[in-house]
1. Stretch Phe104-Glu13 to full length: gain in nm at 0.36 nm per residue minus the Cα-Cα span?
2. Considering the zone a paramagnetic label at Asp50 would reach in this model (a point 7 Å from Cα along the Cα-to-Cβ line), which residues of region 1-25 have amide N under 19 Å from it?
3. First select every other residue whose beta carbon is under 12 angstrom from the beta carbon of Val38; then total the charges, Lys and Arg +1, Asp and Glu -1.
4. I'd like to check one number: the per residue accessible area of region 14-87, probe 1.4 Å, reported in Å² as a whole number.
5. What number, rounded to the nearest 500 deg cm²/dmol, is the helix-based mean residue ellipticity at 222 nm of the chain, given -39500 (n - 2.57) per DSSP H run of at least four residues and division by all its residues?
6. With the Cα gyration tensor of the chain in hand, give its eigenvalues times 5 under a square root as the equivalent ellipsoid semi-axes, listed largest first in whole angstrom.
7. Which one, Ala95, Thr72, Tyr20, is farthest towards the positive end of the dipole of the chain when Lys and Arg carry +1 and Asp and Glu -1 on their Cβ?
8. Keeping the other protein chains in place, figure out the carbon and sulfur percent of the accessible area of the chain, with a 1.4 Å probe.
Amino acid sequence: MERQYKLLIVDNEPEIRDTYGNYFAKRGFIVDTAADGVEGLDKLLHDEFDAALIDIKMPKMDGIEVIRQALTDDLVDASMIVLTGHGDREDAIKAINYGADAWFDKSDD
């Protein structure tokens, strides 16, 4: 049996969570979601994921702080992928400096 990868999508926009969640679920991923940074960090710390797609701009805790806390002291083993909107490249670079593996722009431009 082929291994199923587990993905966490952390984004405050329900349509983003649903769109990406459906896309990856149809491709065999086990998908979980979080609506803000605090919920996302909690899930990362208490469950095992292969990867996490994390928005930068969110309420309660931004994505950079989620990545910083998750990757400090190797608390989380998941690959961190940053979702940015509105040209937040400087923030994405900060997240990569904290240990994120990649970033991409989620804007429609």
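The values are calculated or read from the model by the stated rules, or taken from the named source; none is laboratory data. Fair warning: this is a prediction, and the values are worked out from it, not measured in the lab. Neighbour counts run over all protein chains shown; Cβ positions are idealised from the backbone, glycine included. Keep in mind that these areas ignore ligands, DNA and RNA; they rest on the heavy atoms of the full protein, side chains included. Shrake-Rupley method; radii C 1.70, N 1.55, O 1.52, S 1.80 Å.
1. Working: separation 91, 0.36 × 91 = 32.76 nm, distance 1.63 nm.
Fully extending the segment from Phe104 to Glu13 adds 31.1 nm.
2. It comes to 1-10, 20-25, nothing else.
3. Combined, the nearby Lys, Arg, Asp and Glu give -3.
4. So region 14-87 comes to 53 Å² accessible per residue, rounded to a whole number.
5. -11000 deg cm²/dmol
6. Here the semi-axes work out to 19, 17, 13 Å.
7. The Cα lying farthest towards the positive end belongs to Tyr20.
8. Details: 3030 of 6470 Å².
Whole-percent figure for carbon plus sulfur exposure: 47.
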